[in-house]
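Here's the structure, in C-alpha cells; my notes come after.
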Protein chains: 2
Amino acid sequence: MNRSNTGANLPALRNHNAALVLDLLRTAGEAGISRLELAERTGLTPQAVSKITARLRAEGLAAEAGHRPSTGGKPRTVLRLVPDAGYAVGLHLDRDELTAVLVDLAGTTVATRRAPLDLGAGAEVVLEAASREVAALGFPPPGPSGRQRLLGVGVAAPGPLDHGRGVLHRVTGFPQWDGFALRDVLSERLGLPVVLDKDTNAAALGLALRARPAGGSFAYLHLGTGLGAGLVLGGALYRGARTGAGEFGHQTLQMDGPPCSCGGRGCIEALCLAAVARGDIARAARLLGTGAANLVGLLDIDRVLLGGRVVAAEEDVFVRGVGAVLAELARREGSGPAVPVAAAGGDGRAVADGAAQLVLAPVFGHANVAFPSGGNGA
Amino acid sequence: MNRSNTGANLPALRNHNAALVLDLLRTAGEAGISRLELAERTGLTPQAVSKITARLRAEGLAAEAGHRPSTGGKPRTVLRLVPDAGYAVGLHLDRDELTAVLVDLAGTTVATRRAPLDLGAGAEVVLEAASREVAALGFPPPGPSGRQRLLGVGVAAPGPLDHGRGVLHRVTGFPQWDGFALRDVLSERLGLPVVLDKDTNAAALGLALRARPAGGSFAYLHLGTGLGAGLVLGGALYRGARTGAGEFGHQTLQMDGPPCSCGGRGCIEALCLAAVARGDIARAARLLGTGAANLVGLLDIDRVLLGGRVVAAEEDVFVRGVGAVLAELARREGSGPAVPVAAAGGDGRAVADGAAQLVLAPVFGHANVAFPSGGNGA
DNA sequence: GCACTTTGGCAACAGCGTTGTTTAAGTGGA
DNA sequence: TCCACTTAAACAACGCTGTTGCCAAAGTGC
C-alpha cells in the first residue's frame, strides 16, 4: 500500500488492491493480462483477483478481450484496460507556447492543440488562452453510467512553484507570477479539478509511467532555457519537502567559476549554457555528465534521461558525452556496469503528456507520492 | 500503508495499523499518549484504536500508565510503550574500533561495549571480536510469554556495501572484504537475524527515529576518514536502487581540480580533507557547505546534520560555515528561510545506536523502505 | 445530589481477501 | 466417440478487519 501516516481501513485496502490491478492492466497495454498473471504479480489469491476484476468490469474500467492459447486445460481469459473509461487534459504552459493534450486512461494521446503564448502577457491573457485550447480539445461525452469521464486537468509550468498549494513562485524571467494561485483560479474557471506541477516533474512522471520495467529510478535532465531535473525514485516522482526538488541547474560544479544569473558562481547551468552559446556542445555534454555523475552517485539511480530543446538539437552528442562521464565513474567505482543514458524523446509533447498523467496517475495508485507531511516515517 | 507493489490483505492491514500505533507510542515516549489522540493522529475511529491497543497490551508491547487531567468528563487513560518488550543489538564496525550497544524498544541504550579493532586483521578475528562483544552485552531473558526478546543484530560498516544482500564491497582501505557475506556469516554464528548497512545510513536512521517532528527530510553528512552521507527523505531512509545511495564524497565540486584517491578530480572529499590537513577548517566547512547546498537544492530537504570525527573536533566552525553557505543559497532563491544546520551529536555512539534501529525500525512500520524492486510505482 | 460531559468497552455489522468446492472449457489418449 | 485429466474461474462459507450504535464508567460543576 502507499506510504502514509494514517490508518487504513477496508475501503483503503480495496482501493489499494484495485489500483494495483489497474496499474498492471495499464502496463500490460493492448496485450492484456490474465487473471492468474495478475494474481502472481500482486501476490493475491486468484479468487481475490477474480473479485477485484469483476468489480472493475462492472465499473467499466476493465473488459475481457479474448483468450490465451490453452496449456492443456481451460484457456486463460485476457483482461484489458478500457481506455476510454477516463480521460485527462494535460496543459503545458511554456514561456512562448502552450500545448494542450487529451489523454485516455491507457496513456494514449487522442488530441493535441498548440498555440503561441506569451507567458509575460498577464494572467487574464494566459488563462483565456488556456481555457480556449482546453475547450477546443473536444471533451469525451459522459459514459453510459452518466459519469463524467474527464477526470481533470494537469498543468505543467516552468518552476519554481508549489505543487502542494498549486501556487506559482518566481518563474524565471516572469517574476510577476510570483504567488499566483494558478491551480485554484484555473479550476474555478474550468469547473474541473486541476493539478499543478513543474514542467520537469510532469515530463519525468510521464516517462516513469511509460518505463518498462516499471518501478525503477531515474533522473530526467532538461536542458532548454535553463537546466532542471525531474527525479523518479523507486518508480515514484520525488518532489521533496516543499515540492521544490529538482533544482539541478544551480549545482556548483566549479567553485569560483563564472557568475550565474542566480547570483552564485560556477553553477552547472551557467557553465553549460555558456558552452552551448560558444557552440562547444561536446563541452556542454561533458559538464552535464559531470552533474549527472554527482547525482547518480548520491542517489544511486539506474538511468539518466535527457531532454529539452538544446538536447534535442544535438541528441547524439549529449547522450554520448554524458554517457562517457558516467562510464568513467563506473570504471572508477568498479561496481558493475555504467548507468545508461538515453534521450527522453517525446517530440516536444512529453511535458504535456506528463501533465495529463498528473491527473491519471492517482487512478493507478500513484497518488500522494509527493510527501508525507509529518507524523511518522523513516 | 507502506509503499509496495504487492497486494494487501487483512493481516497486512492489521500490521500496518498496529505499527502506526506503536510508532506513535514510541514517539510519545515517557509522556505517553491517550487513545483519543491516537485516533486523531491515525484517522482511525476511537473504537478501532481501542481494539488495536487492547491487542498490543495483550502482547505486552503497550501498557496503561496513569491518566490525563479531566476536561469535564472521564479523564483519558495514558498509554505507553513497554520498553523492555524487545531489544536489539547495534554493532558498529569501524576501521580501528568496535562499538556494541543494546537498545530497547523505546530506543534507550541500556548497555555499551567498546573494543579496539583492526578491520584489516581478517574475517575470523573480526567475527570473533564481534561475537565476544555482542555476547558480553548481556542479553535480556525471554519475556513472560517465553518469547525471545532480542530481535536481532544491526551491523553498521564503512561503505560501499550491499544492504539488500548483506554483502560488503570494497571497503575503502580494506579491499580484502570485497564480496564478503557478512550478514549471513554473522547471523549463522550468532543464531540471530542480522541486518547490514552503511555506517552513514545507520546514523541517519537513528537520527530520523529521534527527530521531532518525525517524518521530515534531512541529510546526515559524515566527515571522518572519508566523506559520506545518509539521506532521509520524507522520514524514510533512502538507500537507492542498489542500496548504494549517499556517495556524497566524490561529488565533483571543482572541475579540473586536484586529483582524488577515487581517480576523479576535484571531488569534495579530496578538497575538504586537504583543507583540514592544512588546518584551514573554515575553508573545509565552506566546501562542505557548497556540497550541502547542491544537495539541498536537488532534494529540497529541510535539515542538514553534520557528524564524524573531523566535525566533532570543530563543531561550531563547521555548523557556522555550512550554515553560511546555505543562508546564501536561501537569499539567492528568495524562497523562505535557510535550511537549518546542526551537529548530529551522539558522542561517538550515534552509528551503533542507529545500527540497532535497523532491527527495531520494522516493528514501527519503518521496514522495507529500502526500495520497491519493480512491478509498479511512480 | 443531580445533570452533564467524556471515555472506552460491548455487540452487531458490512466488507475484505482466503479457503474449500464446484462448474466450465479445454487437451489428449484409448 | 468417449473419458480421464488439466486448468481456469466462479460460488459459498468463513475469519478477521475497522465501523457503527449503544451503554456503562468516571469524572466535573452547579
Checklist entry - Inside the stretch A:223-267, can you point out the residues that are of a type in the set (G, A, S) and within 16 Å of B:Q251 (Cα to Cα)? => result A:G249, A:G266
Checklist outcome for this item: Scanning the stretch A:296-320 residue by residue, those assigned to a helix (DSSP H, G or I), under 13 Å from A:A342 (Cβ atoms) and of a type outside the set (A, V, I, L, M, F, W, C) turn out to be A:E315, A:D316, A:R320
Item to check | Residue among B:E97, B:E124, B:E30, B:E128 that is at pLDDT below 90 and either within 14 Å of chain A (Cβ to nearest Cβ) or away from DNA strand D (no atom under 14 Å from the Cβ) (or both) | outcome: B:E30
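Quick grid of which residues meet (1) among the hydrophobic types (A, V, I, L, M, F, W, C); (2) surrounded by 14 or more Cβ atoms within 10 Å (Cβ to Cβ):
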position: A:L24; (1), (2): yes, yes
position: A:K74; (1), (2): no, no
position: A:Y87; (1), (2): no, yes
position: A:G90; (1), (2): no, yes
position: A:L105; (1), (2): yes, yes
Checklist entry - Is it true that A:L61 is more than 8 Å from DNA strand D (Cβ to nearest atom) and within 14 Å of chain B (Cβ to nearest Cβ)? => result no
Next on the checklist: Quick check on B:G249: is it touching an Asp or Glu at 6+ places or on another chain (Cβ under 9 Å), under 15 Å from A:D256 (Cα atoms) and within 12 Å of chain A (Cβ to nearest Cβ)?
Outcome noted: no
Checklist entry - Which of the residues spanning the stretch A:141-175 are within 27 Å of A:D104 (Cβ to Cβ) and surrounded by fewer than 17 Cβ atoms within 10 Å (Cβ to Cβ)? => result A:P141, A:P142, A:G143, A:P144, A:S145, A:G146, A:R147, A:Q148
Checklist entry - How many residues does the stretch A:181-223 contain that are among the hydrophobic types (A, V, I, L, M, F, W, C), more than 24 Å from A:G308 (Cα to Cα) and either at the interface with chain B (Cβ under 10 Å from one of its Cβ atoms) or in contact (Cβ under 8 Å) with a residue 40 or more places away in the chain (or both)? => result 5
Next on the checklist: I'd like to verify a number: residues in the stretch A:224-251 that are of a type in the set (K, R) and over 17 Å from B:G235 (Cα atoms), how many?
Outcome noted: 0
Checklist entry - Which of the residues that make up the stretch B:210-225 are more than 18 Å from B:G346 (Cβ to Cβ) and at pLDDT 90 or above? => result B:S217
Checklist entry - If you check B:A327, B:A285, B:A338, B:A293, which single one turns out to be assigned to a loop (DSSP other than H, G, I, E, B) and farther than 17 Å from B:L207 by Cβ? => result B:A338
Item to check | Those residues of the stretch B:252-271 which are more than 7 Å from chain A (Cβ to nearest Cβ), more than 30 Å from B:L358 (Cβ to Cβ) and assigned to a strand (DSSP E or B), in sequence order | outcome: B:P259, B:R265
Next on the checklist: Take the conditions surrounded by fewer than 20 Cβ atoms within 10 Å (Cβ to Cβ), within 14 Å of another protein chain (Cβ to nearest Cβ) and within 16 Å of DNA strand D (Cβ to nearest atom) and apply them to A:S50. Does it pass?
Outcome noted: yes
Checklist entry - When the stretch A:5-27 is examined, which residues are found to be more than 22 Å from A:R210 (Cα to Cα), facing another protein chain (nearest Cβ under 7 Å) and either in contact with a His (Cβ under 9 Å, 6 or more places away or on another chain) or within 13 Å of DNA strand D (Cβ to nearest atom) (or both)? => result A:T6, A:G7, A:A8, A:L13
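The values are calculated or read from the model by the stated rules, or taken from the named source; none is laboratory data. Being a predicted model, the structure only gives us computed values, none of them experimental. A quick note on method: Cβ atoms are made from the backbone with ideal geometry, for glycine too, and the neighbour counts reach across all protein chains shown.
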